[in-house]
Each structure stands twice: as C-alpha cells, then as structure tokens.
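Everything below concerns the one structure shown next.
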Amino acid sequence: MAIADAQSRTTNSTGRPYYVTSSNEERVFKAAYHQGLSIILKGPTGCGKTRFVEAMAHDLQRPLITVACHDDLTTADLVGRFLLRGGETEWVDGPLTRAVREGAICYLDEVVEARQDTTVVLHPLADHRRQLPIDRLGITLNAAPGFGLVVSYNPGYQSVLKDLKDSTRQRMVAIEFEFPAPEIEVQIVAREASIPTDTAAVIVQFAQGIRRLETPGLREVASTRVLIAAGRLIAAGLTPREAARAAIAAPLSDDPTVQKGLMKMIDVYIAEPS
Ligand code: ADP
C-alpha cells in the first residue's frame, strides 16, 4: 500500500535472465560489487541496463530490489515512513532500507529523475561507510553483507540542473552502455520477439539508419526495446512496415516533418512482403 511499493519491485530469479555481453561490463560490475563499491550505469534508455543488473544479481545470488525513480520520489519513498494501521502508527521500510537490511542489490533506475535532496541519502551508503541514516527512527543502519547500490541514468537527457551531483558521482564506479553491435542486436531482437533472424536484421538495419540521423525533432533514437516491440508486432501478424511505423517511428517523435521523414525511411529500408 505504501507509495514506495508501487515503485519498487523485488526479483529473486531462478534462471539467469537472458543477457548478451558486449564488453567487459560483467567483470567490472562483479569486481566493483565484491569490493563494496557502488555502481553507476550510464546509457540511453532501452539499451539493456536493467536486464544487465538482473543477470548480475542472478550470478551473484542476491535478491534485486528495483526502484523506478521519478521527480516526485521523496526520501521517505526510498527509506520508509510511518503509516496509520488500525489506529496505530507503524513504521514501514522503503525499498532502499529493505535492501540495506536484507543485503540485496538495490537498483535505482533513472536516478537523476529523483530530487537531489533524495539522492543525498545515498552518500553514506555509496562510500566506505555503507550506512543508511534513518532520521525519523533516530538510527543508522549498517548495510548487511551482500548489499550493493546500483544506479542508472541516461546522459542524453540531462539538464544541467538534473545532472548527477559530482559528490554522488565520485563515490561510484561507472559502466558505460551503448546499443549492442548490430549482429548482437539482431540475435537479441530475434530471440526476444520470437521472429526469424532475417526479419530481425531488417528492423535492426532500419534502427541503424535512425541512429545515424542528426535531427533535432527526435527525442530519442530507436532503442533495442522499441525494436523488440516492433518484432513482437510482426510475430503477432503485422507486416514489418506496419510494425516499424507503430512501434518505432510513431513513438519517437510528434513532429510532423520528422514523422514524414521516418515513414519515408521505412519505405526505403523495409520491403513489403510479396
Ligand atoms: P534499460 O534498462 O537500459 O532502459 P532494458 O534492460 O529494459 O533497458 O532493455 C530493454 C530490452 O532490450 C530488454 O528487456 C531486453 O529484452 C533487451 N536487451 C537489451 N540489451 C540486451 C542484451 N545485451 N542482452 C539481452 N537483451 C537485451
């Protein structure tokens, strides 16, 4: 019922989540985790950061508590609050506190969306102290063994104001993410959408074309996530052009000129089935 619950999710996966590695990111993550260092994942939305953390939590055999950050997120949402239950006030841990107590990996997705006063609570956790002060209870918790702090952010849409504080950043090891190389992305799209590799290859080629564009009207480039969505529409019976229009071109921009350009690109990159 707590607001915090609506934003957080705990995963105890049994099978390893499917994740195709492209560089040394798994080694860096595990080394940092074992040294008790906090980790920052930088990269565009939909490029595999969440999936990566899920795979790492599985390999490290830790529960994963994920919090989707947004600009209304308060310290209480992360740490906990008193709630009224049956006439009594009762303290309810927030997801960060649960992770600290349980020795889980806490993943704060899109941390720059959270207000800066919220992220201040992370400082003593992110550095060598590994402590979480809970002012409202007048206590300071030492993180249980196994606790790990991981945050992600998308450097693409930072305003100066929203940029992560240097003092937060300097407490962390950073891993940079990009979209997977085309041949890997084809594999991923084919598998995740259950479509043939050659169909996935057409979608990925189109995405490559969009990623090369330098158009101010484009909010985001086509992420692996939207390519998988297009693949799913194809698996559900749409033609590749229909799928690319609905899942890739339309969500990327509201600008009519950009839209028109993308629709034209679809006709060039994607053949209609004969
Ligand atoms: P982010 O957290 O960066 O926004 P996600 O982890 O949600 O992105 O990735 C979106 C989807 O793309 C995932 O659900 C997964 O299906 C797929 N994906 C992206 N990169 C990979 C990868 N390297 N291996 C496997 N799947 C991937």
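The values are calculated or read from the model by the stated rules, or taken from the named source; none is laboratory data. Computed from a predicted model, the values in this text were never measured in an experiment. Here Cβ is always computed from backbone atoms with ideal geometry, including for glycine, and neighbour counts include all displayed protein chains.
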Inset, instruction - Can you confirm whether region 95-104 contains a residue that is surrounded by 16 or more Cβ atoms within 10 Å (Cβ to Cβ) and polar (S, T, N, Q)? - result: yes
Inset, instruction - Within region 212-221, identify whether any single residue is within 21 Å of Asn154 (Cα to Cα), within 15 Å of the ligand (Cβ to nearest atom) and in contact with a Lys or Arg (Cβ under 6 Å, 6 or more places away or on another chain), and answer yes or no. - result: yes
Inset, instruction - Select from region 27-37 the residues that are outside any loop (DSSP other than H, G, I, E, B) and more than 16 Å from the chain's Cα centre (by Cα) and write down the one among them that is farthest from the ligand (Cβ to nearest atom). - result: His34
Legend entry - Subset of region 143-202 [of a type in the set (Gly, Ala, Ser), crowded, with 16+ Cβ neighbours inside 10 Å and either within 15 Å of the chain's Cα centre (by Cα) or at pLDDT below 95 (or both)]: Ser152
Inset, instruction - Could you look through region 38-71, keep only residues that are without any contact (Cβ under 8 Å) to a residue 40 or more places away in the chain and not in a loop (DSSP other than H, G, I, E, B), and pick out the one that is farthest from the ligand (Cβ to nearest atom)? - result: Ala55
Legend entry - Residue identified as more than 16 Å from Val121 (Cα to Cα) and not small (Gly, Ala, Ser) among Val92, Val100, Val79, Val67: Val92
Inset, instruction - Return the only residue of Thr215, Thr257 being over 22 Å from Pro182 (Cβ atoms), polar (S, T, N, Q) and surrounded by fewer than 16 Cβ atoms within 10 Å (Cβ to Cβ). - result: Thr257
Legend entry - Residue check, Ser13 under 23 Å from Val186 (Cβ atoms), within 14 Å of the ligand (Cβ to nearest atom) and part of a loop (DSSP other than H, G, I, E, B): no
Legend entry - Residue check for Ala235: touching a Ser or Thr at 6+ places or on another chain (Cβ under 9 Å), of a type outside the set (S, T, N, Q), more than 19 Å from Pro44 (Cβ to Cβ) and within 16 Å of the ligand (Cβ to nearest atom): yes
Legend entry - Given (1) out of contact with any Phe, Trp or Tyr (no Cβ under 6 Å at 6 or more places or on another chain); (2) surrounded by 14 or more Cβ atoms within 10 Å (Cβ to Cβ), number of the condition Ala236 does not satisfy: (2)
Inset, instruction - Given the conditions (1) in a strand (DSSP E or B); (2) buried (at least 16 other Cβ atoms within 10 Å of the Cβ), report the number of the one that Pro124 does not fulfil. - result: (1)
